[in-house]
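Read the figures in this text as sums done on the coordinates, not as results from a lab. Everything numeric in this text was worked out from a predicted model, so none of it was measured. As a convention, Cβ positions derive from the backbone with ideal geometry for all residues, glycine included, and neighbour counts pool all protein chains shown.
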Amino acid sequence: MHPDAKGVILVSPTVYGITSDTKTLADICHAHHIPLIVDEAWGPHFAFHPDLPATAMSCGADLSMGSIHKTMAGLGQVSIINMQGDLIQPDRFKLCLKLFESTSPSSLILASADAARRQMALEGKALLDKALALSSWVRTELSSVEGIHILDKSYLGTPGAKALDTTKIVLDISGLGVSGYEASDWIEERYKVNFELVNERHLMALLTIADTSQTVEKLVAAVKAMATWAHDREKPTDIMLPKLDELYAKCVTSPTKAFFGETEDIPFEQAAGRIAA
């Protein structure tokens, strides 16, 4: 631990549903008398079902933030902050928070947060029972599709991977010879199914407490049809993307200087070698 460290900030779970070994990290932080702050945006529903990963608070984190609008039934922008222990002073924290929060919070958003909290407190276990069962069915149905690999618990135990939120179905479709963007566009156009996350090689479907057998059956049908299309189509030329360790960009000026400095509009053809402001 760096001697000047004042705290540790951790993102867990990731957008893919993988959680870190938060308890061990919390123990290390506390041994050095500094707080562990967890961005738990994708994990506020963990508290309501034993088959989901442990919450940051139950693992000993000092502060966590969760986005209720992501995996529960809150309106957009509804989030929650949890705090425990004595490494963060509540009064000091509230003072700092007031520097950023609105002096006119939305009553609608606050009411939505309370309604979502009440719903999960009373019905969360049953609602998540259904979501987890639907996720299990989808995983079984798609596990035999050639060219698709589903992120599952066999990945756990690798560095940084303690547990998995199985309501997130991450499909590695690189074996189909089609990009995630192409596959997503194809599915959306024909089946009107949207994915929570799309990148070069992945599609991620997020199953929530609002999903039903009808919605997951449509998802499975769409993915299977897309896989057939990908296998049958004429394969395009592979796009050779650089590896992450090959990417390097030199910072030639600060964002502040770029924003406030003199700029000019030029044609795209003349942009090579210029600094984008």
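Remarks
- Pairwise Cα inverse-distance average, inverted: Kirkwood Rh of the stretch 127-167 (Å): 11.5
- Ratio Rg/Rh, restricted to the stretch 210-277 and using Cα atoms, in which Rh is the Kirkwood radius: 1.27
- Sorting the segments 132-139, 211-218, 250-257 by their mean number of nearby beta carbons within 10 angstrom, highest to lowest, gives 132-139, 211-218, 250-257.
- Only beta bridges with both residues in the stretch 124-232 are counted; by DSSP, about 90 percent of them are antiparallel.
- Per residue of the chain, the DSSP helices (runs of n ≥ 4 H) give a summed -39500 (n - 2.57) that works out to -11500 deg cm²/dmol at 222 nm.
- Cα-only Debye scattering, the stretch 24-154: base-10 log of I(q)/I(0) at q = 0.16, 0.19, 0.20 Å⁻¹: -0.97, -1.17, -1.22
- Inter-part distance where the stretch 88-102 and the stretch 251-277 are each reduced to a Cα centre, Å: 37
- Of the chymotrypsin sites (Phe, Trp or Tyr not before Pro) found in the stretch 157-261, those that fall in a DSSP loop while having at most 16 other beta-carbon atoms within 10 Å are Tyr248.
- A dipole drawn for the stretch 8-113 from +1 and -1 charges on Cβ atoms has a positive end, and of Ser102, Leu87, Thr19 the residue lying farthest that way is Ser102.
- Hydrodynamic radius (Kirkwood) for the stretch 173-237, which is based on Cα pairs only, to one decimal in Å: 12.2
- The charge dipole of the chain, taken about its Cα centre with unit charges on the Cβ of Lys, Arg, Asp and Glu (plus for the first two, minus for the last two), comes to roughly 600 debye.
- Cα Rg over Rh - the stretch 124-232, Kirkwood: 0.96
- Derived scalar couplings between HN and Hα for the stretch 68-83 equal 5, 6, 7, 10, 10, 9, x, 5, x, 5, 7, 9, 9, 10, 10, 9 Hz in order, rounded to whole Hz, by the Karplus curve 6.51 cos²θ - 1.76 cosθ + 1.60 (θ = phi - 60°), x for Gly and Pro.
- Cα-centred dipole magnitude for the stretch 8-113, charges only on beta-carbon of K, R (+1) and D, E (-1), debye, nearest 20: 260
- The stretch 149-186 and the stretch 1-74: distance between their alpha carbon centers, rounded to Å: 22
- Considering only the stretch 8-113, percent of DSSP beta bridges that pair antiparallel, nearest 5: 40
- DSSP bridge pairs, the chain: antiparallel proportion in percent, nearest 5: 65
- Translational diffusion of the chain, estimated by Stokes-Einstein from the Kirkwood radius over alpha carbon pairs at 4 °C in a medium of 1.567 mPa s, is 59 µm² per second.
- Histogram of C-alpha separations across the stretch 1-43, 10 Å bin width, %: 30, 49, 20, 1
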